[in-house]
1. How long are the semi-axes of the equivalent ellipsoid of the protein assembly as shown, defined as square roots of 5 times the Cα gyration tensor eigenvalues? Whole Å, largest first.
2. For residue A:9, list long-range residues whose amide hydrogen, built 1.01 Å from N in the peptide plane, is under 5 Å from its own amide hydrogen.
3. If you average the sequence gap of Cα pairs under 8 Å that are 6 or more apart and divide by the length of segment B:60-210, what percent do you get for the contact order?
4. Which whole-number value in Å² is the accessible area per residue of chain A, probe 1.4 Å?
5. Using helices alone, I'd like the mean residue ellipticity at 222 nm for chain B: each DSSP H run of four-plus residues gives -39500 (n - 2.57), total over residue count, nearest 500.
6. Less than 13 Å Cβ to Cβ from residue B:209, Lys/Arg counted +1 and Asp/Glu -1: what total charge do the surrounding residues give?
7. Residues of segment B:172-192 that become at least 20 Å² less accessible with every protein chain present than in their own chain isolated, using 1.4 Å: which are they?
8. With each label point set 7 Å from Cα along the Cα-Cβ vector, what nm distance links residue A:127 and residue A:31?
Amino acid sequence: MVATSADPMIRIENVSKFYGHFRALDQVSLDVQAGEVLMIVGPSGSGKSTLLRCINHLEVPDAGRIVVDGILVDNDEKHINAVRAEVGMVFQRFELFPHLTVIENICLAQQKVRRRSRAESQTIARTLLEKVGIPEQAQKYPEQLSGGQQQRVAIARALAMQPKIMLFDEPTSALDPEMIKEVLDVMLALAHEGMTMVVVSHEMGFARNAAHRVAFMDQGRIVEQGPPDKIFSTPQHDRTQLFLSRILH
Amino acid sequence: MAVDHERPEIQPRPRDLRAHLNEFPWWLLIILSVIGYMVVRIIVDPIYRNIFNTILQGLSTTLYVTAVSFVFALVFGLFLGLGRVSTNVILRNLSITYIEFIRGVPMLVLIFTISYAVVPLLARTFGLPNNAISLTARAIIALVLIYGAYIAEVFRAGIEAIGRGQMEAGRSLGMSRWQTMLYVILPQATRNMLPALGNDLIALLKDTSLVSVLGVREITQVSRLSVSTSFRYEETYFILTLFYLSMTLILSLLLQWIQRRAKIKR
Ligand SMILES: Nc1ncnc2c1ncn2[C@@H]1O[C@H](COP(=O)(O)OP(=O)(O)OP(=O)(O)O)[C@@H](O)[C@H]1O
Ligand SMILES: [Mg+2]
């Protein structure tokens, strides 16, 4: 399959996911265009992480179809690897490799997956550390960094693979308030560069500044979606209103 | 990061003599005194010295069997442990079956079974004569098969102690399950496993005494042979005890030192 410019970067069709008898995703369909920044909001347990994790096959959907940049995400190991090579992911708890230095964290997959030389991967790593604003931390271990710095390393680590798509699962919710901005700034810069992004987050400031579209999820479904102003100012559904009134106080 | 201004630095109260006495490793002093007493006895008493020299002849076998068995048990245990946490149903169940099998049978019985039943059976199937495999080799095979199962459990616990997120992080970067295991999970797991592996090494050293039942001439067997002609039970078994006690003590101090270094060096 070859993607044409008209095809969306991510196409999610009728995806359902069960945990036992619990339906975490209920026939979700969603397209994300190249260069689009999509934010997913919704109450805890509504299936946001599950949906995100289906995109790079960390979770396997029970029904439906996901196509990323023309590659069908099925159980074929080749497809999975191809998709993961194009999709970067940033986790709530950073998940840096604690036994490796910052620069080694950024170089590992470059060398093992992209087969880049040590020198080449380090050059790329340093450029990215510069970009996320912490070039001086290259030789430190993750535990020696603040949460905000760790998350920026995690972003650099994902970017080193030169992904076409970045997935963020509540990237700032484990951070102290004073560190949230430094991470959001990096994400904002990425968005402005035209990176395709799917962001699960309740940072309304980021939604207003960077998101092209906001999708509201509840009980495994996308209840409504649209431009941020529209969703925030005139939500159509009761549940969206209720949820927004809670987080916008 | 918050900076505290002008806060008077609070020093910990200097510890008094009582605290020092409390924390002093008296147990070590007692053990060392016992060892010291025995050493003096061996030096001054010709009977003790004779027996000591006799048992000493078995020391290299004890150390050799311990070292070789441990190295192979580590390798075997690693693979068993990986099978134990594998997502492959067959691999996982084969590993569990094996581990439960070993853990459900006394070590002494396993040593007999492996050396006198399993090994000859395998030798026969491969067309080797029954005596092609020496008793020392059988002892090592038995210890490797037994300790592999114990060490597999150490690996399993070590691997499972590393959060699921680490595997997912590796996978999301495009690394395979094995690559992530090798470069991300195992290096972290091994560090956590050092104390448990050290305990297994010490236990293995002690359990080599069991292979004396095969006639392998390690220190226990040498002592038994010596006693059967000299009838000097007291001296012989006290000195044999001294051998094991000194070796395990040295090993455990060594392991503590390695662990401290591993912590500092990371
Ligand atoms: N591995 C799992 N096993 C069983 N149930 C799961 C598993 N993962 C998620 N769930 C359930 O699926 C539902 C959706 O989970 P998900 O993590 O996608 O929610 P979420 O919207 O990301 O919530 P949160 O805001 O708390 O992160 C939850 O009810 C959760 O308990
Ligand atoms: Mg979540």
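The values are calculated or read from the model by the stated rules, or taken from the named source; none is laboratory data. What you see is a predicted model; the values in this text were computed from it and never measured. Methodologically, a virtual Cβ is constructed for each residue, glycine included, from the backbone with ideal geometry; neighbour enumeration extends over all protein chains shown. Surface areas here come from the heavy atoms of the whole protein model, side chains and all, with no ligands, DNA or RNA. Shrake-Rupley method; radii C 1.70, N 1.55, O 1.52, S 1.80 Å.
1. For the protein assembly as shown, the semi-axes come out at 60, 30, 19 Å.
2. A:32, A:33, A:34
3. For segment B:60-210, the relative contact order is 35 percent.
4. 44
5. Working: 12 runs with 201 residues, N = 266.
So the calculated ellipticity at 222 nm is -25500 deg cm²/dmol.
6. Working: positive: B:206, B:217, B:224; negative: B:207, B:218.
Every neighbour counted, the sum reads +1.
7. Going by heavy-atom accessible area, the residues of segment B:172-192 that drop by at least 20 Å² are B:172, B:173, B:174, B:175, B:179, B:183, B:184, B:188, B:191.
8. Label-label distance for residue A:127 and residue A:31, simple model: 3.3 nm.
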